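A short write-up of the structure that comes next.
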Amino acid sequence: MNDGRVLARITAVEPLDGFRLRLTFTDGLVREVDLSSDLWGPMAEPLQDPTYFRQVRVDPDVLHGDHVAVGRPAAQASR
């Protein structure tokens, strides 16, 4: 169901101490997230290197892409 809201996108990212990121969204919200407990498994193994993790960047074309939308956005799916 589409309730008419537009999902905010990440416009900027800044690495902080540890495995924390400061995210800036298109709606002006700035949020700090700690990803330390999410960096597990073979796919996340390279990100456990702090030097590599700090190379984080936003690439809107990759994040949005030309992919077919599947299901509801995560914010709505968790309700």
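Look at segment 6-19 and say how many of its residues are open to solvent by 70 Å² or more (accessible area, probe 1.4 Å) and at pLDDT 95 or above.
2
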Within segment 1-56, which residues are hydrophobic (A, V, I, L, M, F, W, C) and part of a strand (DSSP E or B)? Ile10, Ala12, Val13, Leu21, Leu23, Phe25, Val30, Val33
How many residues does segment 1-41 contain that are closer than 16 Å to Thr51 by Cα and either of a type in the set (S, T, N, Q) or touching a residue at least 60 places away in the same chain (Cβ under 8 Å) (or both)? 1
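The values are calculated or read from the model by the stated rules, or taken from the named source; none is laboratory data. Model, not experiment: these values are computed from the prediction. Don't worry about glycine lacking a Cβ; one is built from the backbone with ideal geometry, like all the others, and counts go over all protein chains shown. Calculation scope for accessible area: heavy atoms of the full protein, side chains included, ligands and nucleic acids excluded. Shrake-Rupley method; radii C 1.70, N 1.55, O 1.52, S 1.80 Å.
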